[in-house]
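Structure, as structure tokens:
The values are calculated or read from the model by the stated rules, or taken from the named source; none is laboratory data. Here the structure is a predicted model, which means the values were calculated and not measured. A quick note on method: Cβ atoms are made from the backbone with ideal geometry, for glycine too, and the neighbour counts reach across all protein chains shown.
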Amino acid sequence: MLTEILIATLLRAELAGSAGVVLVMLLRPWTRWLIGPRLAYRLWLIPVVSALASLWPTALRFQTSFDIVSSAAGQSLGSGPALLAWSAGALATAAIFVRAELRFRRMERLTLAGPAVVGIWPRLVVPHDYADRFSAAERRLIRRHEQAHMRRRDPVANLFVALASIAVWYNPLVHLARRAIRLDQELACDAVALEDGRVSRKAYGETLLKVQMESAGSWLACAWTGVAGHPLELRVRLLALRRPSLKRDLIGASAVSVLAVAAVALVLVLEPAAPHLAAFPWREALRFAQ
């Protein structure tokens, strides 16, 4: 029974997270223009908090209200062929992930990778011709962008997204979200780098266009540009956006927070009610002890 409850709990978390991904995918194109890419990136908290909310508290609820579902899920996923299929898919996805990272590390050793931020304790990786290809002003712009990744520890966030992609490799929404998150990361860092009014947007756009790094396909590294899923045309167009006013910034942050709270509330409301438990017979227990 415990295995069945665990499986059903994880399936529920996946369902709640997938619903959050669908919501964010629908909202993100509009929120970029309304509240800016920096706050739009925070929308990805919605799938996370939705999945976490579905896990609290679940054991007692699933045991009674989801008995049939959990039993069916447990029998299905616990069967040999289904478990073998899941394991094979997870191993294949993990192999793709490891291969991409090894290729990126090899390019890093050859000083061909970058500019990019990598590592649990983020560090900047640059190619061997970095100083020759970019002027001092262009290097400052690149550092501003990559320092935004470092402050947010985006490679760590990418690691968790990669692990989720491996665990639920069969869910196309997870892989769609992984690519969208990477793009939104870059757009958010572009916005942070341009917050200083003294930074030339024209020079920043020219630097974006100038960097044509061969994509290493890393799932973790936060590359300046050239990685699949980072359309330069969109990034350059969004450079025209001015930083939202303080009023719009506050409204946007409040709207994202309200959406996250609403998602959590919806998950908890849709969670089946806990069963009625009889009170512990304290008097009978004391009488028996005497």
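Take the conditions assigned to a helix (DSSP H, G or I), surrounded by 14 or more Cβ atoms within 10 Å (Cβ to Cβ) and modelled with pLDDT of 80 or more and apply them to ALA265. Does it pass? When the stated conditions are applied, ALA265 does not pass them. Note on region 193-214: among residues that are assigned to a loop (DSSP other than H, G, I, E, B) and crowded, with 16+ Cβ neighbours inside 10 Å, the one that is modelled with the lowest pLDDT is MET213. Taking first residues from region 185-210 that are of a type in the set (Phe, Trp, Tyr) and partners that are part of a loop (DSSP other than H, G, I, E, B), the Cβ contacts under 7 Å between residues at least 6 apart in sequence or on separate chains come to TYR204/LEU194; TYR204/LEU239.
Is it the case that THR31 is at pLDDT below 90, assigned to a helix (DSSP H, G or I), surrounded by 20 or more Cβ atoms within 10 Å (Cβ to Cβ) and assigned by TED's automatic domain parsing to the domain that holds ALA8? Against the criterion (at pLDDT below 90, assigned to a helix (DSSP H, G or I), surrounded by 20 or more Cβ atoms within 10 Å (Cβ to Cβ) and assigned by TED's automatic domain parsing to the domain that holds ALA8), THR31 qualifies. Scanning region 93-147 for residues that are of a type in the set (A, V, I, L, M, F, W, C), under 21 Å from TYR204 (Cα atoms) and touching a residue at least 12 places away in the same chain (Cβ under 8 Å) turns up ALA113, ALA116, VAL117, LEU124, VAL125, VAL126, PHE134, ALA137, LEU141, ILE142.
In region 143-179, how many are closer than 24 Å to ARG123 by Cβ and not in a helix (DSSP H, G or I)? Total satisfying the criteria: 1.
A Cβ distance below 9 Å, combined with a sequence gap of six or more or placement on separate chains, defines the contacts here; from region 35-50, residues that are at positive phi reach residues that are assigned to a helix (DSSP H, G or I) and of a type in the set (Asp, Glu) in the pairs GLY36/ASP249. Given the structure, is GLU101 closer than 18 Å to ARG179 by Cβ, in contact with a Ser or Thr (Cβ under 9 Å, 6 or more places away or on another chain) and charged (D, E, K, R)? Here the answer is yes, as GLU101 does meet what is asked.
Within region 121-153, being over 12 Å from CYS222 (Cβ atoms) and in contact with a helix residue (DSSP H, G or I) (Cβ under 6 Å, 6 or more places away or on another chain) holds for GLU138, LEU141, ARG144.
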